[in-house]
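The values are calculated or read from the model by the stated rules, or taken from the named source; none is laboratory data. What you see is a predicted model; the values in this text were computed from it and never measured. Virtual Cβ from ideal backbone geometry, glycine too; neighbours counted across all protein chains shown.
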Amino acid sequence: MSRTWFITGTSRGFGRIWAEAALGRGDKVAATARNVATLTDLVDRYGDNVLPIALDVTDKSAVDLAVKTAHDHFGRLGIVVNNAGYGLFAMTEEATEKQARDQFETNVFGTLLVTQAVLPYLREQGSGHVIQLSSIGGLRAFPALGIYNASKWALEAMSQALAAEVRGFGIKITIVEPAGYATDWGGSSAVHSEHLPAYDGVREAAAAFWSGTTPGDPQATAPAILQVVDAEEPPLRIFLGAGLLELTRDEYARRVVAWQEWNHISEAAMGSRLAA
């Protein structure tokens, strides 16, 4: 039985690859992009199974209309993929206010608007699966990516709360946390701040940290996503990429050590109520 998808950011990257994977197995896809001309080849290959929609996820009216159009056209929405987003490369001091706000407008508020728009349809039908595209940067923070990381941390918290809120309606939530992949995320789709020379040393150390890593093949993520959406009980969180479990174990181990070391101060800060 074919499924119906609503995917944001399908012009390239994961959004395009996952749309092609869904269409390739006979599913239907409402494919959104800022420029629908980038979706022409999908329409040429898959015909009526793909519905191209122009969409800027930061425009609430456009989001509401896009979701309604997709639902009315296909009759239902099964899988919603909040993929639209981009990276901001900036030391925290370097990021302009506009750059930081724009990052949150797309990565957080854009996802929120799409999620809010689809939920009434999913609740009414008593089913649905929302895929929220996060990052390993949604669990760890890295120099020169602090604002981007902050947007993904916000997405993680919102999505985890959302999962508890909608479970009773038959709606599933999965937060996807990829490693570095050979997509355009760090290329023309990214935003870069002006550099302050004071941070050149930090920048060099960050570049050295990433220099030993090999980007993953984005095409290899397609079978993984199909397995996730086909699972009877999909995970709330899933990594895409090798080595992320070890990185996250190390990160949380360091946090626990620090919390334990300072726990006597933490408990004393509770005051006399603790003894009571």
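Tabulated values for the structure
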read-out: Top-ranked residue in region 128-159 [being of a type in the set (S, T, N, Q) and either assigned to a strand (DSSP E or B) or in contact with a strand residue (DSSP E or B) (Cβ under 7 Å, 6 or more places away or on another chain) (or both); ranked as farthest from L113 (Cα to Cα)]; value: S135
read-out: Per-region count, region 20-35, residues in contact (Cβ under 8 Å) with a residue 24 or more places away in the chain and in contact with a strand residue (DSSP E or B) (Cβ under 8 Å, 6 or more places away or on another chain); value: 10
read-out: Residues (of a type in the set (D, E, K, R) and under 20 Å from H71 (Cβ atoms)) located in region 15-48; value: D27, K28, D48
read-out: Residues within region 1-57 that are hydroxyl-bearing (S, T, Y) and surrounded by fewer than 18 Cβ atoms within 10 Å (Cβ to Cβ), tallied; value: 3
read-out: Any hit, region 124-141, residues being crowded, with 20+ Cβ neighbours inside 10 Å and either assigned by TED's automatic domain parsing to the domain that holds D250 or of a type in the set (F, W, Y) (or both); value: no
read-out: Residue within region 105-115 that is modelled with pLDDT of 95 or more, closer than 26 Å to F239 by Cα and among the aromatic types (F, W, Y) present; value: yes
read-out: Tally, over region 237-251, of residues that are farther than 17 Å from E156 by Cα and not in a helix (DSSP H, G or I); value: 3
read-out: Some residue of region 223-235 being under 24 Å from Q103 (Cα atoms), touching a strand residue (DSSP E or B) at 6+ places or on another chain (Cβ under 9 Å) and either assigned to a helix (DSSP H, G or I) or among the acidic types (D, E) (or both); value: no
read-out: Selection count, region 26-74, where residues are in contact with a helix residue (DSSP H, G or I) (Cβ under 7 Å, 6 or more places away or on another chain) and not in a helix (DSSP H, G or I); value: 15
read-out: Complete set of residues in region 95-126 that are in a loop (DSSP other than H, G, I, E, B) and in contact with a Phe, Trp or Tyr (Cβ under 7 Å, 6 or more places away or on another chain); value: G126
read-out: Criterion: touching a His at 6+ places or on another chain (Cβ under 7 Å) and modelled with pLDDT of 95 or more - qualifying residue of L55, L51; value: L51
read-out: Residue ID - farthest from L244 (Cα to Cα), chosen from residues in region 177-212 that are hydroxyl-bearing (S, T, Y) and either at pLDDT below 85 or not in a loop (DSSP other than H, G, I, E, B) (or both); value: Y199
read-out: Qualifying position, being assigned by TED's automatic domain parsing to the domain that holds A144, hydrophobic (A, V, I, L, M, F, W, C) and within 16 Å of the chain's Cα centre (by Cα), among V191, V229; value: V229
read-out: Near pairs, Cβ below 9 angstrom, 6+ apart or cross-chain, from region 135-146 (over 20 Å from N83 (Cα atoms)) to any residue that is assigned to a loop (DSSP other than H, G, I, E, B) and among the acidic types (D, E); value: A144/E94
read-out: Output for region 96-117, where each listed residue is crowded, with 23+ Cβ neighbours inside 10 Å and touching a Gly at 6+ places or on another chain (Cβ under 8 Å); value: N107, G110, T111
